[in-house]
Amino acid sequence: VSGEGRDLSGFFNPDLTEFYFTRRDSESGKWSLIAFTRSGDQWEQTSVTPRIGRPVLSPDGQTMHLGKRYMDRTQTGWSDVKDLGPMFDREEWGIMRLSSSSNGTYVLDDYKGSDVIRISTLIDGVRQEPEQLGPEINTGEFNAHPFIAPDESYLIWDGVRAEGYGRSDLWISFKQQDGTWGQALNMGPEINTEGREASAFVTADGKYILFSRTAGSDEGDIYWADAQIIETLRNK
């Protein structure tokens, strides 16, 4: 996976038999979505397609979110790319990554709208207008690439704050008993460095956190760590 070029946004399907990530070719500058499939104890590259948005799977693995677009899983692979609709397809918004919970809640970033993160819930099956999250999340600069836990108990994103470690850090906020979001916690030196950490994803079994790291150059690789760090931070 980690090779020449800029490798970002790694994620698995729920049963860990598919792995996806995006890569920017060093020469052409073009981005691709690359898929690997596991058969037995072997991994095989199975597809390379142009990247749309910042892809990430829904918790059930049946939807590939592509920013303001998406694909559904079919018997033979993935459907054609579909639009989420006018609620999300706004000229003034720049959605890179949209992540969903098991209940259908969406969290999404917006690089055109002051780098804020918004949330859209389902009420009685009706999609609600995305609302900007509070200062617990939207403080500092360049807040982007959110990941919401399947049970909505926490939210991870990357951003720049004065108390951070580097060019961009991973932050986490836990949902409180009253339904509000708690104060943002830096995920610490076990994850963050002087470089740029971004695009977190936690595997469906809750064991591993994947994220991207860009060091001195504009190249980057995908890293993983024990997701126990989430529970450690939850207990602080």
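The values are calculated or read from the model by the stated rules, or taken from the named source; none is laboratory data. The structure displayed is predicted, hence computed values, not measured ones. Here the Cβ is made from the backbone with ideal geometry for all residues, glycine too, and neighbour counts use every protein chain on show. SASA here: full protein model, heavy atoms, side chains in, ligands and nucleic acids out. Shrake-Rupley method; radii C 1.70, N 1.55, O 1.52, S 1.80 Å.
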Restricting to the stretch 168-179, count the residues that are open to solvent by 70 Å² or more (accessible area, probe 1.4 Å) and in contact with a Phe, Trp or Tyr (Cβ under 9 Å, 6 or more places away or on another chain).
1
Reported set for the stretch 194-222 where residues are open to solvent by 40 Å² or more (accessible area, probe 1.4 Å), modelled with pLDDT under 95 and of a type outside the set (D, E, K, R) is A215, G216, S217
Kindly evaluate P14 against the criterion of being under 22 Å from S120 (Cα atoms), touching a residue at least 40 places away in the same chain (Cβ under 8 Å) and under 21 Å from the mean Cα position of the chain (by Cα).
no
Does the stretch 68-86 contain any residue that is surrounded by 12 or more Cβ atoms within 10 Å (Cβ to Cβ), closer than 26 Å to Q128 by Cβ and among the aromatic types (F, W, Y)?
yes
Would it be correct to say that R6 is touching an Asp or Glu at 6+ places or on another chain (Cβ under 8 Å), of a type in the set (K, R) and within 21 Å of R196 (Cβ to Cβ)?
yes
If we take the stretch 111-226, then strands (runs of 3 or more DSSP E) inside it with 1 or more residues that are in contact (Cβ under 8 Å) with a residue 60 or more places away in the chain and under 16 Å from the mean Cα position of the chain (by Cα) are 141-148, 154-160, 169-174, 196-202, 208-214, 220-226
Which residues, taken from the stretch 2-11, are in a loop (DSSP other than H, G, I, E, B) and at positive phi?
G5
Out of the stretch 102-117, which residues are open to solvent by 30 Å² or more (accessible area, probe 1.4 Å) and either over 18 Å from R161 (Cβ atoms) or at pLDDT 95 or above (or both)?
S102, N103, Y106, K112
Residue check, D169 modelled with pLDDT of 95 or more and either within 21 Å of S102 (Cβ to Cβ) or polar (S, T, N, Q) (or both):
no
